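Written below as structure tokens is the structure these notes are about.
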Amino acid sequence: MCTQKPGKANTRQEHNKYQQKCFHHEVNFFKQDIAPEVKRRLRKIVDSAKLTDRDSVLDVGTGTGVLLPYIQQHPVIRIVACDLSPEMINEASARFPEVTFWCGDIIDLPSSYGLFDGIFFNAVFGNVWDQRATLKKAASLLNMTGRIVISHPMGSDFVRNLSRQDESLVPHSLPPKEQLVELIHHLKLHLDHFEDKQALYLCILRNR
């Protein structure tokens with residue numbers, strides 16, 4: 001991705017610009033076919049949210065839309081997907097014209113998009129500038145029975161290795177259970193499910 005790694009960003013805006021720069025030329029890489037076992041884990045991730053035909057869904061860090069076909073297998077009423085990269089959004093919107101796309105950081109998502117029943121952070125939670133601030137924003141976007149799914153189909157060790165390679169791009173590891181509980185302290189969220197296996201990280205936070 002990025003061959004020139006900057007020092008740690010001083011602001012969220014600087015951090016997001018580096019994210020955009022790194023993913024600018026990576027669309028073709030993320031269009032590659034996914035291994036069958038990874039597809040099974042992606043299906044499990046989406047199924048864990050128990051989506052219904054009354055639900056509205058937000059896919060954060062959608063990239064080229066890897067999670068979208070699995071979400072579409074459920075009869076949800078609305079899907080909104082956001083990503084920092086205009087190139088990723090262009091690709092995803094061409095593949096999934098029925099989905100509403102917004103380019104930007106979830107922190108800045110306009111209130112006009114309303115509330116959601118399911119919010120997915122798949123393969124993106126290690127990349128955000130501030131994990132607690134991101135969860136605080138996500139919690140404010142939840143309906144009363146809403147849930148947040150944080151996941152990675154390659155597991156937390158995979159994300160930890162990415163962070164070692166480029167801490168500017170992936171400043172965080174995926175939080176272990178105790179740290180996650182700390183992150184949601186004083187937020188209107190409770191930990192409903194936590195799974196940290198070799199090839200799957202999956203946790204579900206529910207609105208309380």
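The values are calculated or read from the model by the stated rules, or taken from the named source; none is laboratory data. Model, not experiment: these values are computed from the prediction. Note: ideal-geometry Cβ built from the backbone for every residue, glycine included; neighbour counts use all protein chains shown. In case anyone asks, the SASA skips ligands and DNA or RNA and just uses the protein heavy atoms, side chains included. Shrake-Rupley method; radii C 1.70, N 1.55, O 1.52, S 1.80 Å.
A few notes on this one:
- Averaging the sequence gap over all C-alpha pairs within less than 8 Å and six or more residues apart, then dividing by the number of residues, gives segment 90-154 a relative contact order of 39 percent.
- Loop-located GluC sites (Glu not before Pro) in segment 96-186 whose Cβ has at most 16 other Cβ within 10 Å (DSSP): 98, 167
- Dipole axis of the chain (+1 Lys, Arg; -1 Asp, Glu on Cβ), positive-most option in 155, 64, 193: 193
- Three-way shape label, segment 28-92, alpha-carbon gyration tensor, a/c 1.5: oblate
- Residue 44 accessible area, 1.4 Å probe, all protein chains in place, Å² to nearest 10: 90
- Summary value for segment 116-193: 38 percent relative contact order, contacts being C-alpha pairs under 8 angstrom separated by 6+ residues.
- Relative to one another, the C-alpha centroids of segment 12-76 and segment 118-163 are positioned 12 Å apart.
- Database remark: amide H of residue 123 closer than 5 angstrom to the amide H of 151, 152 (H placed geometrically; neighbours at sequence offset of 5 or more, or on other chains; Pro and chain starts carry no H).
- Share of carbon and sulfur in the accessible heavy-atom surface of segment 40-151 [1.4 Å probe, %]: 53
- Using C-alpha pairs below 8 Å separated by at least 6 residues, the relative contact order for segment 40-123 is 36 percent.
- Surface exposure of segment 88-179, expressed per residue as accessible area with a 1.4 Å probe, stands at 43 Å².
- Dipole magnitude for the chain: computed about the Cα centre from +1 point charges on Lys and Arg Cβ and -1 point charges on Asp and Glu Cβ, it is near 320 debye.
- Label selected from [x] 125; [y] 115; [z] 169, the criterion being volume of the Cα convex hull per residue in Å³ as computed here: [y]
- For the chain, built as a Gaussian network whose Cα springs stay under 10 Å, the top-fluctuating residue of 122, 143, 28: 28
- Overall form of segment 15-130 per C-alpha gyration tensor (a/c, 1.5; a/b vs b/c): oblate
- DSSP bridge orientation in the chain - percent antiparallel, rounded to nearest 5: 40
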